[in-house]
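A.B. asks: Pasting a structure below so you can have a look.
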Amino acid sequence: MINKQSLWFLTLFSLILVMGVYYITMPNELLKSKEQLERVSENIEVEVEENDMLVALRVERNEKLESSMEELASVLTSETTTVDEKNNAFEELKLLNLTKGKELELEEKIMSEFKIKSYIEINNDQVKVTINSKEHGASLANDIMRSIQNEFDEKMYITVKFES
């Protein structure tokens, strides 16, 4: 019968043997020195797409929303806050969720109506629209503003910014 010490020795020896065979059969490209890899990486060209700006704006906005939501959630779960503070935090959280949903809905509407990618940010009665299009024009901006205003009952202050 094999004792514990012999079993451990065989296990470790097998592991070392498998790793040695793997190392020997590795492709040479993986064994290049760091300097060679740096020289190769210098020749790589990076292309920035138009949509990267919109993605960056969305990520920044989502980070702000998540931090606000976390603060409100901590107020809701805190034992020391009053009922009124919890109600206010709940209403703010509900408003943030509705605003985020409305922003996404308006972005989809612009995409379906005008075939243009956009980023929309709503703050109270202000709507900021960033359009990613090579086509610029006052008539297009007016059409977008009318289309967005039709989605709201009250008067909104809408600004349209073109980025190309």
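A.B. asks: For LYS155, indicate whether it is basic (Lys, Arg), surrounded by fewer than 17 Cβ atoms within 10 Å (Cβ to Cβ), on the phi < 0 side of the Ramachandran plot and touching a strand residue (DSSP E or B) at 6+ places or on another chain (Cβ under 8 Å). Give the derivation first.
C.D. replies: On the way: basic (Lys, Arg): yes; surrounded by fewer than 17 Cβ atoms within 10 Å (Cβ to Cβ): yes; on the phi < 0 side of the Ramachandran plot: yes; touching a strand residue (DSSP E or B) at 6+ places or on another chain (Cβ under 8 Å): no.
For LYS155, the condition - basic (Lys, Arg), surrounded by fewer than 17 Cβ atoms within 10 Å (Cβ to Cβ), on the phi < 0 side of the Ramachandran plot and touching a strand residue (DSSP E or B) at 6+ places or on another chain (Cβ under 8 Å) - is not met.
A.B. asks: Pairs needed: first member in the range 101-126, small (Gly, Ala, Ser); second member anywhere, in a helix (DSSP H, G or I) and at pLDDT below 90; C-beta distance under 9 Å; at least 6 residues apart or different chains.
C.D. replies: So the pair list comes out as SER118/LEU54.
A.B. asks: Take the range 72-110 and flag every residue that is of a type in the set (D, E, K, R) and either outside any helix (DSSP H, G or I) or out of contact with any Leu (no Cβ under 7 Å at 6 or more places or on another chain) (or both). Break it down into steps so the answer makes sense when it comes.
C.D. replies: Of the range 72-110, the ones of a type in the set (D, E, K, R) are 79, 84-86, 91-92, 94, 100, 102-103, 105, 107-109.
Answer for the range 72-110, where residues must be of a type in the set (D, E, K, R) and either outside any helix (DSSP H, G or I) or out of contact with any Leu (no Cβ under 7 Å at 6 or more places or on another chain) (or both): GLU79, ASP84, GLU85, GLU91, LYS94, LYS102, GLU103, GLU105, GLU107, GLU108, LYS109.
A.B. asks: For the range 78-97, which positions are touching a helix residue (DSSP H, G or I) at 6+ places or on another chain (Cβ under 9 Å) and either under 24 Å from GLU121 (Cβ atoms) or exposed (fewer than 13 other Cβ atoms within 10 Å of the Cβ) (or both)? Step through it out loud before you land on a result.
C.D. replies: Initial filter on the range 78-97 (touching a helix residue (DSSP H, G or I) at 6+ places or on another chain (Cβ under 9 Å)): 78, 81, 85-86, 88-90, 92-93, 96-97.
Within the range 78-97, SER78, ASN88, ALA89, PHE90, GLU92, LEU93, LEU96, ASN97 meet the criteria.
A.B. asks: Any residue that is surrounded by 12 or more Cβ atoms within 10 Å (Cβ to Cβ), more than 16 Å from the chain's Cα centre (by Cα) and on the phi < 0 side of the Ramachandran plot - is there at least one of those in the range 119-126?
C.D. replies: yes
A.B. asks: Moving on. Which of the numbered conditions does ALA141 fail, given that it passes all the others? Conditions: (1) among the small types (Gly, Ala, Ser); (2) over 26 Å from the mean Cα position of the chain (by Cα); (3) at pLDDT below 90.
C.D. replies: The failed condition is (3).
A.B. asks: Something else now. Identify, from the list SER68, SER74, the residue that is modelled with pLDDT of 65 or more, of a type in the set (S, T, N, Q) and surrounded by 12 or more Cβ atoms within 10 Å (Cβ to Cβ).
C.D. replies: On the way: SER74 fails: surrounded by 12 or more Cβ atoms within 10 Å (Cβ to Cβ).
Sole residue among the options that is modelled with pLDDT of 65 or more, of a type in the set (S, T, N, Q) and surrounded by 12 or more Cβ atoms within 10 Å (Cβ to Cβ): SER68.
The values are calculated or read from the model by the stated rules, or taken from the named source; none is laboratory data. Not measured: the values here are computed from a predicted model. All Cβ positions, glycine included, derive from the backbone under ideal geometry; neighbour counts span all protein chains shown.
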